[in-house]
Structures are given as structure tokens and as C-alpha cells.
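A.B. asks: Pasting a structure here, questions to come.
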There are 2 protein chains.
Amino acid sequence: MADADRVTAAVMIIGDEILSGRTQDTNLRDIARYLSAFGVDLVEARVVPDDETEIVETLNHLRKRWDYVITTGGIGPTHDDITADSVAAAFGVKLYEHPDIIAMMTARWSGELNAARRRMARIPEGGTLVKNPVQGPPGFQIDNVFVLAGVPQIMRGMLEDVGPRLRTGKVVVARTVRVEGTGEGVLAAPLEVLAKAHPALSLGSYPFFGPDGYGSNLVIRGRNEAEVLATVEELVDALQGVGAKSIERMDA
Amino acid sequence: MADADRVTAAVMIIGDEILSGRTQDTNLRDIARYLSAFGVDLVEARVVPDDETEIVETLNHLRKRWDYVITTGGIGPTHDDITADSVAAAFGVKLYEHPDIIAMMTARWSGELNAARRRMARIPEGGTLVKNPVQGPPGFQIDNVFVLAGVPQIMRGMLEDVGPRLRTGKVVVARTVRVEGTGEGVLAAPLEVLAKAHPALSLGSYPFFGPDGYGSNLVIRGRNEAEVLATVEELVDALQGVGAKSIERMDA
């Protein structure tokens, strides 16, 4: 599915709690799905610890390589929230207290702006705010990097202010053919024939098994909807005779 | 928590289905938790697409930088399962059909070993098998790299054969002080004092909020259990007077 015009993004998840296994990340999937509606391909994701050197190096690599980078986590008021400092360091700029955040927090906490809370008002020079419609201070954007919260509800809220800023691509259309009662070993040959016949499409096989049976979800993805839909029919035809218990066309 | 003797690992998740948002990864968390019991620190994770160049470059970077790399996904029989080929390419070795896998599959499928199934019998020269106690062919190890399935049940089963092969480190002890009814803005100052007093520990704050209330889980992690436990008590003492609705000590 190579495409010179495609729009790409990477996700950088910042947080010891993900790497320790304490927290199950769900932001990656939410961001991937959100971006897909704008035709933006998530092409890489990284999870890094709360370590400035790691964050700076990873961010500088990703932001130069891809059209956009979305980071999650580390923008709260505690000492382990080092994302703003690290992003500023990556860009070689200073942090400053954004007056709109100071005003918002002054209203929220009746003027009790201790040092920890003031930390959350800092954004890098050259940055703009990303609205937080849920709770707490905003995120920010600097150049092609969006810096969002780690708490999933807040992250999802902030994403709504990211989409309108993106250069959009052609949306990928995905369809699934769900095959039950036949293993991948039998499905592989007809699938490969189709994959070779349609180099512009991405064909994947995702097996499942459990108490209710086994089989595989065969996923066809591409930017040409007509080709995707036609390939679904070619695939269903090709699968007659493999001995499947059922073959079902599914959206997405 | 810097430690010259610590044992490190990275995870490489291989799969377009994770980057498209179709599938919610859970392998990262399972691996992180599993490794922690062996005192092995998961220090980095990456999600890469089904693309040989990306897999080779990422693997070669990670395997040279850290003690171990665990990969998940892409070891099935279909054309998009390119992990074995990519790992062999990263090591500059060839793949060969492992006789034990051929024997196992011949028994399983009564001799019907088509080309797709034979693909799953291939492991890189110099590799050893990683047992699969669940279903299907085994994974493999080559040097410091473990190549496991992507299906979570199978991945977890294979992990059981990884642990005994690891050089073990000193296990990290983690304790949580759960504070309800007080925001991070108030908790930050006492937490930072403790973090500075205990540079060998990692102190993190993970806020939560929802219909039942708000607060933060303050997590203390370190390899010296006595210091962790003593710091929990110092933290609980320091939090008297912050106006919390409850302060609760929790294991892990």
C-alpha cells in the first residue's frame, strides 16, 4: 500500500507504568482509529520510560521521519511528569507559562496556584494549545508534534482538537471476510494469490480460536474502495471448497 | 533506579493490525508482568508494521542495545507472516526446516503439509525452539531474541519457556499508596521531596477520576524492599494534612 501522497503519523507513549505492566495502554488503539478517519496512517509506535534523554532522542527521530507525532502521558504536575521539558529540549526551545492556562487554573483553584500546578501551565515557545474538554489543563502542539494527556478519557477529548489540524489523506477502506472452521494453513494459498494480484491492497490474516470454534479474519485494506469490495468477492469465491463451516462478509 | 547490574529487555510487536487500531494489544502488558518476576526490566517497546525492512532495522537496533528482545506476531503460515524471514535477515543467516516441527505437523495434519504449513517449520540457523503448549507450531530463540506468536493465549503459553532461559535480576518491589479526594497538584510537593531523598527508587503518580471520585495512585518501586516499605510509611506520614478523603496502602 505504498503511496507517495500518504500522510503518516507515529505515536510515542511516555510512561514507566506502561513498561512495568501496571497499566494496560489503550491510547494507541484509540489514536489509530481516530487517525484512520482522516486518512492518516499510523506507521510506528514506541513506548518510552519517564527519561528525558530517551524522550528527546525518540521524539527527534520520529518527528523528522513522519508527518506527525502524537505523544501521550507525562503532562501532569508531579516530578515524574517531564514531557513538556523533554519536548522543549527536543526542539531546543524554552518553556513559558501560557497566560490562558494560568487564567484557567486561577479560576479553577481560586487562585491557589502552587508550584506543582504552575508546572502544568508551561508549554514550549512556538507551541499552541490543544483543548482539553474533559478535565485539567490543555495539551499543546509544537510544529508537527501533538502532546496529549495519558489518562484515556482526557486523551480522547484532546484528540478532537487534533483532527482538524491534520493534513488529511485518502481514507483507507477495510473489509473483513470471517472464515470459521478452517485454519490459516488452508487459507494461505488463495489469500496469497489475491495479495499478489492486488499489490495496492494490504491483505492480512488474523486467526482466532476459542471454545466457540476457530478460523481466521481475513482483512482487506486499501484506498480504492471499488478494488477492496471487488477483492472481497474474489476472495469469497476463491474460498469456496476450502471446507469452511461459514464464510461471512463483515464491514471494517 | 539506575543499576549497572540490571537485566533489560525490549518488546517488538509486529503487526499492521495493531497499528490500524483493529486489534487491542495486550501482549506488552503480559510480557512486562512476566519479566518483572525474573527481575528483568522492560525498558522499551516498539510496534512495527509487517514490513521486512522495518523489522530488520528495529530488531538489529534493539538486540544490540538491550539484554533481550521479545517479538510477538507474524509467525503464522500466511504471506503476511514475515517474522521468521525478517529475523533471519537481521542476523544474516538462512532459514531451515526444523525436523521436530515437521514431525509435529505431520502428526497433527496427517501428513498434509502444504507449502503454507511448511513455512511455519522454518527457523533461522542457530536458533532453538520455544515450546508452544497451546496450539500450533513453536516459537524460536536466536541469540538474545525470542520470537513468539501474536495470539495472546499462545504468546502467554510460549512465555513459560522463555523465563527459565533468562539471566535474572533482582526483582523490583512495588507498593502503591492510593489517595482519594485529593488532586495531584497537592500531592506533588511531598512526593517530590521523597523522590529526591530516595534516588534509588522510582516514584510515580497515576491520577484517576470517574463517577466514584478522583485521586491518584502513588507508586513506589525499587529493588531494596526495606527502602520501598519504609518510604511507603514516610509517604503516608507526609500526606497527613493534605485533606485526602482516604489514604490506603496497597500491594504492588
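The values are calculated or read from the model by the stated rules, or taken from the named source; none is laboratory data. On a predicted model such as this, the values are computed, not experimentally measured, just so you know. As a convention, Cβ positions derive from the backbone with ideal geometry for all residues, glycine included, and neighbour counts pool all protein chains shown.
A.B. asks: Take B:Arg119 and decide whether it is farther than 30 Å from A:Gly73 by Cβ, basic (Lys, Arg) and crowded, with 18+ Cβ neighbours inside 10 Å.
C.D. replies: So B:Arg119 passes the test.
A.B. asks: Looking at (1) surrounded by fewer than 18 Cβ atoms within 10 Å (Cβ to Cβ); (2) closer than 17 Å to B:Ile82 by Cβ; (3) at the interface with chain B (Cβ under 10 Å from one of its Cβ atoms), which one does A:Gly210 not meet, given that it meets all the others?
C.D. replies: Only one criterion in (1) surrounded by fewer than 18 Cβ atoms within 10 Å (Cβ to Cβ); (2) closer than 17 Å to B:Ile82 by Cβ; (3) at the interface with chain B (Cβ under 10 Å from one of its Cβ atoms) is unmet by A:Gly210, namely (2).
A.B. asks: Kindly list, by first and then second residue, each pair from a residue in region B:187-211 that is under 21 Å from A:Ser20 (Cα atoms) and in contact (Cβ under 8 Å) with a residue 40 or more places away in the chain to a residue that is part of a strand (DSSP E or B) and basic (Lys, Arg), limited to pairs with Cβ atoms under 6 Å and residues at least 6 apart or on different chains.
C.D. replies: B:Ser202/B:Arg221
A.B. asks: Then there is this: Take region B:173-201 and flag every residue that is part of a strand (DSSP E or B) and crowded, with 21+ Cβ neighbours inside 10 Å.
C.D. replies: B:Val177, B:Val179
A.B. asks: Another one. Looking at region A:36-71 only, could you name the residues that are more than 8 Å from chain B (Cβ to nearest Cβ), hydrophobic (A, V, I, L, M, F, W, C) and closer than 23 Å to A:Gly157 by Cα?
C.D. replies: A:Ala37, A:Phe38, A:Val40, A:Leu59, A:Val69, A:Ile70
A.B. asks: Among the residues of region A:128-144, are any crowded, with 16+ Cβ neighbours inside 10 Å and among the small types (Gly, Ala, Ser)?
C.D. replies: Within region A:128-144, one or more residues are crowded, with 16+ Cβ neighbours inside 10 Å and among the small types (Gly, Ala, Ser).
A.B. asks: Please verify whether B:Asp251 is of a type in the set (Asp, Glu) and more than 27 Å from B:Asp41 (Cβ to Cβ), treating the condition exactly as stated.
C.D. replies: Considered against the rule, which asks whether it is of a type in the set (Asp, Glu) and more than 27 Å from B:Asp41 (Cβ to Cβ), B:Asp251 comes out as no.
A.B. asks: Is it the case, given these coordinates, that A:Val242 is surrounded by fewer than 18 Cβ atoms within 10 Å (Cβ to Cβ), more than 29 Å from the chain's Cα centre (by Cα) and either closer than 28 Å to A:Val93 by Cα or within 14 Å of another protein chain (Cβ to nearest Cβ) (or both)?
C.D. replies: Yes.
A.B. asks: In this structure, does A:Phe140 turn out to be within 26 Å of the chain's Cα centre (by Cα) and of a type in the set (Phe, Trp, Tyr)?
C.D. replies: So A:Phe140 fits the description; yes.
A.B. asks: Give just the number: which of (1) within 13 Å of chain A (Cβ to nearest Cβ); (2) part of a loop (DSSP other than H, G, I, E, B) does B:Gly169 not satisfy?
C.D. replies: Looking at each condition in turn, B:Gly169 falls short on (1).
A.B. asks: Here's another thing I want to ask about it. Being touching a Phe, Trp or Tyr at 6+ places or on another chain (Cβ under 8 Å) and of a type outside the set (A, V, I, L, M, F, W, C) is the requirement here; does B:Thr8 meet it?
C.D. replies: Yes, satisfied.
A.B. asks: Additional query: Residues being outside any strand (DSSP E or B) and either within 12 Å of chain B (Cβ to nearest Cβ) or of a type outside the set (Lys, Arg) (or both): count how many of those fall in region A:213-229.
C.D. replies: Final tally of qualifying residues: 6.
A.B. asks: Tell me the strands (runs of 3 or more DSSP E) entirely within region A:1-98 that contain at least 2 residues that are modelled with pLDDT of 95 or more and among the polar types (S, T, N, Q).
C.D. replies: Because the criterion is at least 2 residues that are modelled with pLDDT of 95 or more and among the polar types (S, T, N, Q), the strands (runs of 3 or more DSSP E) in region A:1-98 that meet it are A:68-72.
A.B. asks: Out of B:Gly74, B:Gly92, report the one residue that is more than 9 Å from chain A (Cβ to nearest Cβ), on the phi > 0 side of the Ramachandran plot and without any contact (Cβ under 8 Å) to a residue 12 or more places away in the chain.
C.D. replies: B:Gly92
A.B. asks: Right, another one. When you scan region B:118-128, do you find a residue that is in a helix (DSSP H, G or I) and either in contact with a Ser or Thr (Cβ under 8 Å, 6 or more places away or on another chain) or in the same structural domain as B:Arg65 (by TED's automatic domain parsing) (or both), even just one?
C.D. replies: Scanning region B:118-128, I find at least one residue that is in a helix (DSSP H, G or I) and either in contact with a Ser or Thr (Cβ under 8 Å, 6 or more places away or on another chain) or in the same structural domain as B:Arg65 (by TED's automatic domain parsing) (or both), so the answer is yes.
A.B. asks: Mind listing whichever residues of region B:20-61 are surrounded by 23 or more Cβ atoms within 10 Å (Cβ to Cβ), touching a Ser or Thr at 6+ places or on another chain (Cβ under 9 Å) and of a type in the set (Val, Ile, Thr)?
C.D. replies: Hits for region B:20-61 are B:Ile31, B:Val40, B:Val48, B:Ile55.
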